[in-house]
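The values are calculated or read from the model by the stated rules, or taken from the named source; none is laboratory data. Bear in mind the structure is a predicted one, so any value in this text is a computation, not a measurement. Note: ideal-geometry Cβ built from the backbone for every residue, glycine included; neighbour counts use all protein chains shown.
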Amino acid sequence: MTPSFESAGWFARHAAIARQFVRIGVIRKAQFRMEFVNQVVMDCAFYATHIMAFEFLYRFTDSIAGWSRAEVRVFLGCLFVGDAFAMVWLGQCWLFGEDLKKGNLDTVRVRPAAPIVLYFFQRFSLEGLTNFAIAASYLAYALFSAGLLASPWTIPLTVWAVLLAFWARTVLTVFYSTSELWVLNSDLSRYAHNFFMEVTDRPIAVFHTRFQQFLSYVVPAAAMTYVPASIVTGRLGALGALAYTAFLAVFGLAVFRLWRASFRRYESGMG
């Protein structure tokens, strides 16, 4: 079998698995409709809180860490879209520490499907998909209000930036969870998720230069929102964006390899 056929088969298998995850997720939410409504309302409150906080601040200043009101709106749009993607597909990560301690990861050893896909993408969220539509609408509004839609490059740049944000969130989810495979009962993945989500809910330009570098190149949480927003707004040039995309691709592949190597330490019922 040629490599191209092998790759096609790999994608076909995982697409079929993803369809099943979607079907199960839709059935689950059909049985818990109030939970669906509550989650949508909670996330809308999350969006509203962030928007109102920055809109209030910009009543007293024209710039925050060099970012204008229009640029911060684009930043928030990228934040909301990336967060919605994580909710749609990566919600299972919050249970990783518990599943590891209880020895519940045997099913993800199944071959030929990738354990990362089987575990982290298993909890499809229908309410997350609803919030993704709301987030995408706000991003479109932010692009319009910033006058960026007049440029023919804005749409392809936005697609590039959003895909980069999705990749970054997936990579970092796996990266944080890898720590649990080495330090059992630590809840390090949950702590890392919470910490880095908090610091990247705002432009990292507000932090000290060395911390900005840490968030960009050591634990590249800046790639979840700050870098994508910088690409769309033109704050990061084409060459810089290409270089950072290449860096994040290599970083991600290294993280996946590290996770697979670390996962070999897992034993059913450990802890």
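Observations on the structure shown:
- Test for G97: is it touching a Lys or Arg at 6+ places or on another chain (Cβ under 9 Å) and in a helix (DSSP H, G or I): yes
- For G97, the conditions (1) within 23 Å of R28 (Cβ to Cβ); (2) under 15 Å from the mean Cα position of the chain (by Cα); (3) among the small types (G, A, S) all hold with the exception of (2).
- The residues on offer are V81, V72, V26, V37, and the sole one that is touching a helix residue (DSSP H, G or I) at 6+ places or on another chain (Cβ under 7 Å), in a helix (DSSP H, G or I), of a type in the set (A, V, I, L, M, F, W, C) and more than 27 Å from T158 (Cβ to Cβ) is V26.
Residue-wise test of (1) farther than 18 Å from W160 by Cα; (2) of a type outside the set (G, A, S); (3) assigned to a helix (DSSP H, G or I); (4) under 15 Å from the mean Cα position of the chain (by Cα).
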| residue | (1), (2), (3), (4) |
| --- | --- |
| Q213 | yes, yes, yes, no |
| V227 | no, yes, yes, yes |
| L236 | no, yes, no, no |
| A249 | no, no, yes, yes |
| A254 | yes, no, yes, no |
| Y266 | yes, yes, no, no |
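- Residue selected from the range 181-211 under the condition more than 19 Å from the chain's Cα centre (by Cα) and part of a helix (DSSP H, G or I), by the criterion nearest to T233 (Cα to Cα): A205
- For the range 196-230, a residue qualifies if it is of a type in the set (A, V, I, L, M) and in contact with a strand residue (DSSP E or B) (Cβ under 8 Å, 6 or more places away or on another chain), and the qualifying residues are A205, V206.
- Among the residues of the range 119-134, at least one is modelled with pLDDT under 95, surrounded by fewer than 20 Cβ atoms within 10 Å (Cβ to Cβ) and touching a Lys or Arg at 6+ places or on another chain (Cβ under 6 Å).
- In the set D62, D99, D43, only one residue is farther than 22 Å from A222 by Cβ and in contact with a Leu (Cβ under 8 Å, 6 or more places away or on another chain); that residue is D99.
- Failed item in (1) closer than 26 Å to Q122 by Cβ; (2) modelled with pLDDT of 90 or more, with D187 passing the rest: (2)
- For first residues located in the range 219-233 and touching a residue at least 40 places away in the same chain (Cβ under 8 Å), partners that are assigned to a helix (DSSP H, G or I) and basic (K, R) and lie 6+ apart or on another chain with Cβ distances below 8 Å form the pairs M224/R169.
- Any hit, the range 56-64, residues being of a type outside the set (G, A, S), part of a helix (DSSP H, G or I) and closer than 22 Å to A84 by Cα: no
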